[in-house]
Amino acid sequence: MRVYLDNSATTALDNDALKAMLPYFTEKFGNPSSLHSYGREALRAVDESRAKIASLIGAKPNEIYFTSGGSESDNWALKGAVYASKALNKHIVTTSIEHPAILETCEYLERKDGVKVSYVPVGKDGRVSPEAVKAAVTDDTLIVSVMFANNETGAIQPIKEIGEFCREEGILFHTDAVQAMDSQAIDVNELNIDMLSMSAHKFHGPKGIGVLYIRSGVRIERLIAGGHQERRGRAGTTDTPLIVGMAKALEIAVQNREENNRRIAALRDNFIDRVLKEIPYVYLNGGREHRLPGNANFSFGFIEGESILINLDLNGIAVSSGSACSSGSLEPSHVILALGVPEELAHSSIRFSLGRDTTAEEMDYTFKVLKETVEKLRSISPLFDSDKGTGSYV
Amino acid sequence: MYNDKVLKVFQNPSNSGEIPDADGVGTIGNASCGDIMKIYLKISGDRIVDAKFKTFGCAAAIATASVATDMVIGKTIDEALKIKNADVVEFLGGLPPQKIHCSVLAEEAIHAAIDDYRSRQNKQ
């Protein structure tokens, strides 16, 4: 049996999205910037897609800018805002749990441009408090960037409160909504979002395409110079098939959102209950409330995450791990550590991310294999006494 | 990233467990770094007659512990000390670059177990 529980990493392309894309690879291949009929035919599809995506987040079509994906959108939002500002002192407020696309962009701006950055910590539940964000803001704060929902813990952040505050203070508010598009109702006006990053392949769209929503009136510098595409915001030949696929995928995701959320959350809740009840020394990372419906993230005491991942994979189950060993870095996940989880347990963290195609049968199988995997690896662990069924890190 | 040989050994490691009356025990690493390798040796005369391991760590750490213990069983202490991490890596048909340190841990844990055996001998 093969079970895909890594939907936060990427998702399968939706069949209808693929069908919508196909003609734009071949017979409708024109460049949307061309004036002739080939170009106009492609441009029509891009315009329709842009309007569709805009309406799904409560935006206007000319506020949608196509990019290569979430990382580019994040880079552009922060660098673009900083480079467009003439202020002498520039300050960014973000959180300690952001995606590397935000964190490394912040580090770059600190290093190269002397920008000051405040990284707001999170609680055990993986959420920032709006008060802590407010407290981090100074007179020099140019932009606040807080992710909509975290990719590792699924923790949904208090976006509405932060957006409201930023609007009152006249500070730009950006959110990386890459993990949230398929499950959360997002209206950029209701939530006072000035910029929003999304990536199509996280909601059953194609890889290599994303959006940066930029509220009209917000001025940011462009990063990719060249042609006049995207209203001179982002140069590069417009990728019609990917754009069409993204719009179709988002439309399908939003249409089925409530039903998918209910079904996926029920499978996930049942899985969390069973794991916590039937496997000893297991800890759920993050809180149970304000959590993306498909996310479950555990640490398993006395064993290491990568070996759990590999053993599940040898049984056909695909998950991801916050262990340093699985990422090729020396440090375990910065997100799990930010929750206050000790290093040895951060090394043992495993993320299960369920999706719209996940079945109850798959979760039963996963639970069974997981239980066996944990027992097997504990029998090899020097920290665990399998005869007594107890362990210790000292 | 792992080859089939590494995965096979990881899935069915030999010599996992403890030797209650071991003549030498060596432990390397710590849990906060994500790796602990513990090697138990049974030594008769100057020959290693049995070796077992317990590992907290990744698939490569478990596989290298299995191979390293296999390699030292039947060897004299001097022969065992000559086994290098590169020999373990070669036997496994290679490891990803960031996993080479796991094979170093296995070598170090065997050396630590032999050191432990020798210091016990000196005390007698």
| field | Residue in the stretch A:343-350 that is surrounded by fewer than 24 Cβ atoms within 10 Å (Cβ to Cβ) and out of contact with any His (no Cβ under 9 Å at 6 or more places or on another chain) present | value | yes
| message | Yes or no: the stretch A:184-207 includes at least one residue that is crowded, with 24+ Cβ neighbours inside 10 Å and on the phi > 0 side of the Ramachandran plot. | response | yes
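If I filter the stretch A:207-218 for residues that are basic (Lys, Arg) and free of Cβ contacts under 8 Å to residues at least 60 places away in the same chain, do I get at least one hit? Let's see the steps before the verdict.
Looking only at the stretch A:207-218, we keep the residues that are basic (Lys, Arg), and these are A:207, A:215.
With free of Cβ contacts under 8 Å to residues at least 60 places away in the same chain added as a condition, the list becomes none.
No, the stretch A:207-218 contains no residue that is basic (Lys, Arg) and free of Cβ contacts under 8 Å to residues at least 60 places away in the same chain.
Identify the residue in the stretch A:267-292 that is among the hydrophobic types (A, V, I, L, M, F, W, C) and part of a helix (DSSP H, G or I) and, among all such residues, is surrounded by the most Cβ atoms within 10 Å (Cβ to Cβ). Even if it seems obvious, please write down each step before you answer.
So the first thing to find is which residues in the stretch A:267-292 are among the hydrophobic types (A, V, I, L, M, F, W, C), and the list is A:267, A:271-272, A:275-276, A:279, A:282, A:284, A:292.
Okay, now just the ones that are also part of a helix (DSSP H, G or I), so A:267, A:271-272, A:275-276.
Numbers: A:267: 19, A:271: 22, A:272: 19, A:275: 20, A:276: 14.
The qualifying residue surrounded by the most Cβ atoms within 10 Å (Cβ to Cβ) is A:271.
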| request: Report yes if some residue within the stretch A:356-369 is at pLDDT 95 or above, closer than 22 Å to residue B:11 by Cβ and surrounded by 23 or more Cβ atoms within 10 Å (Cβ to Cβ); otherwise report no. | output: yes
| task | Quick one: which residue in B:78, B:70 is under 28 Å from residue A:392 (Cα atoms), away from chain A (no Cβ under 14 Å), not in a loop (DSSP other than H, G, I, E, B) and not small (Gly, Ala, Ser)? | result | B:70
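Using the structure shown, decide if residue A:319 is at pLDDT 95 or above, within 22 Å of residue B:35 (Cβ to Cβ), outside the structural domain of residue A:149 (by TED's automatic domain parsing) and out of contact with any Cys (no Cβ under 7 Å at 6 or more places or on another chain).
Details: at pLDDT 95 or above: yes; within 22 Å of residue B:35 (Cβ to Cβ): yes; outside the structural domain of residue A:149 (by TED's automatic domain parsing): yes; out of contact with any Cys (no Cβ under 7 Å at 6 or more places or on another chain): yes.
Taking the combined requirement at face value, the residue satisfies it.
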| field | Some residue of the stretch A:214-235 being buried (at least 16 other Cβ atoms within 10 Å of the Cβ), assigned to a strand (DSSP E or B) and within 22 Å of the chain's Cα centre (by Cα) | value | yes
| query | Is it the case that residue B:32 is within 30 Å of residue B:1 (Cα to Cα), at the interface with chain A (Cβ under 8 Å from one of its Cβ atoms), in contact with a helix residue (DSSP H, G or I) (Cβ under 8 Å, 6 or more places away or on another chain) and at pLDDT 95 or above? | reply | no
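Within the stretch B:43-52, does at least one residue satisfy the condition of being basic (Lys, Arg) and in a loop (DSSP other than H, G, I, E, B)?
Within the stretch B:43-52, none of the residues are basic (Lys, Arg) and in a loop (DSSP other than H, G, I, E, B).
The values are calculated or read from the model by the stated rules, or taken from the named source; none is laboratory data. None of the values given here were measured: they were computed from a predicted structure. All Cβ positions, glycine included, derive from the backbone under ideal geometry; neighbour counts span all protein chains shown.
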